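In what follows, a single structure is set out as structure tokens and then discussed.
The values are calculated or read from the model by the stated rules, or taken from the named source; none is laboratory data. What you see is a predicted model, and the numbers here were worked out from it, not measured in a lab. Cβ: placed from backbone, ideal geometry, glycine included. Neighbour counts: every protein chain shown.
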Amino acid sequence: MSTTPHTSPTPVTVIGLGAMGRALAGAFLGAGHPTTVWNRSPGKGEDLVARGAVRAATAEEAVRAGEVVVVCVVGYDASDAILAPLGDALQGRVLVNVTSDLPDRARAAAAWAAERSIAYLDGAVMVPTAVIGTPDALLFYAGSRESFDTYETTLRALGGRTTFVGEEPARAAVYDLSLLDFFYGSISGLIHAFAFAKAEGVQAADIAPYLDTIVGIMPPIASGSAAEIDAGSYPGTEANLGTMAASVDHILHASRARGLDVSQLEAIKKVADLAIARGHAKDDWASTYEALVKPA
């Protein structure tokens, strides 16, 4: 494969026409790339065909139509089943699997591709469908650096924040799950905050305008905590774990008194207490990392 960046319209194939697959195919069409689509069950993609996409009759026909073959299905069980008989058809093409699953599944898929000399990129889409194709859309890729360099311009049709994170094929999946770990923990905390406010007679909408204060301090907290965790040093110069754990305890008791589910708060308090018991009371909250990675 040439390492010269591919700048002309690239024949692409999208396998999987769920909501995200349709958004990806639509972005390729919008950028002028000849696009072939295929879905295991019929009845999807009519809007794409109306815009100029070609609907393949079989998965093999779809694969042979594209230089870049993007797979976006429900999980690796589905993608493995689709791709298993297509090893020969994928020869000379770049397989880009943006199916979300576990890092080990990404490694296994990359190994399957390597055994068949198929150029492979594992990807992760970090935005909802409405953002696909915009400058703000973030997508991670890992695996074949040569393939990414060659088709980066093509892949940028899907999002302006197209990012290669390394040749180890599971890295995109690790980035994906790490960011989602943060998201789901945060959104769960948000909903619990609204539940507590309402339990005390305050409307969620009355609390919402002030959350920007908390959201605004998160970027420097994230970068600072990352640096501390990587360095293994957690100086609590501005706020220490002991003081913050006491606040968690207040929220926990107040929530329990109002009959709310407190399982998430109990888990937070448990980890904080373990870190404090190990001597981190005067350290930054980032020191709870030590309790997470060494829970016993």
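If a residue must be outside any helix (DSSP H, G or I) and exposed (fewer than 13 other Cβ atoms within 10 Å of the Cβ), how many such residues does the stretch 221-234 contain?
2
When you go through Gly160, Gly201, Gly143 one by one, which is the residue that is loosely packed, with under 15 Cβ neighbours inside 10 Å and at positive phi?
Exactly one of Gly160, Gly201, Gly143 is loosely packed, with under 15 Cβ neighbours inside 10 Å and at positive phi, namely Gly201.
With respect to Asp122, determine if the residue is in the same structural domain as Pro34 (by TED's automatic domain parsing), modelled with pLDDT of 95 or more, buried (at least 22 other Cβ atoms within 10 Å of the Cβ) and of a type in the set (Asp, Glu).
Yes: the conditions hold for Asp122.
Among the residues of the stretch 14-66, which ones are hydroxyl-bearing (Ser, Thr, Tyr) and surrounded by fewer than 20 Cβ atoms within 10 Å (Cβ to Cβ)? Spell out the reasoning first.
Residues of the stretch 14-66 hydroxyl-bearing (Ser, Thr, Tyr): 35-36, 41, 58.
If the condition is that a residue be hydroxyl-bearing (Ser, Thr, Tyr) and surrounded by fewer than 20 Cβ atoms within 10 Å (Cβ to Cβ), then Ser41, Thr58 are the ones that fit.
Look through the stretch 234-275, keep the residues that are of a type in the set (Gly, Ala, Ser) and within 28 Å of the chain's Cα centre (by Cα), and return whichever of them is farthest from Glu200 (Cα to Cα).
This residue is Ala272.
What residue, of Asp101, Asp88, Asp80, is of a type in the set (D, E, K, R), surrounded by 15 or more Cβ atoms within 10 Å (Cβ to Cβ) and over 13 Å from Pro169 (Cα atoms)?
When all the criteria are applied, what remains is Asp80.
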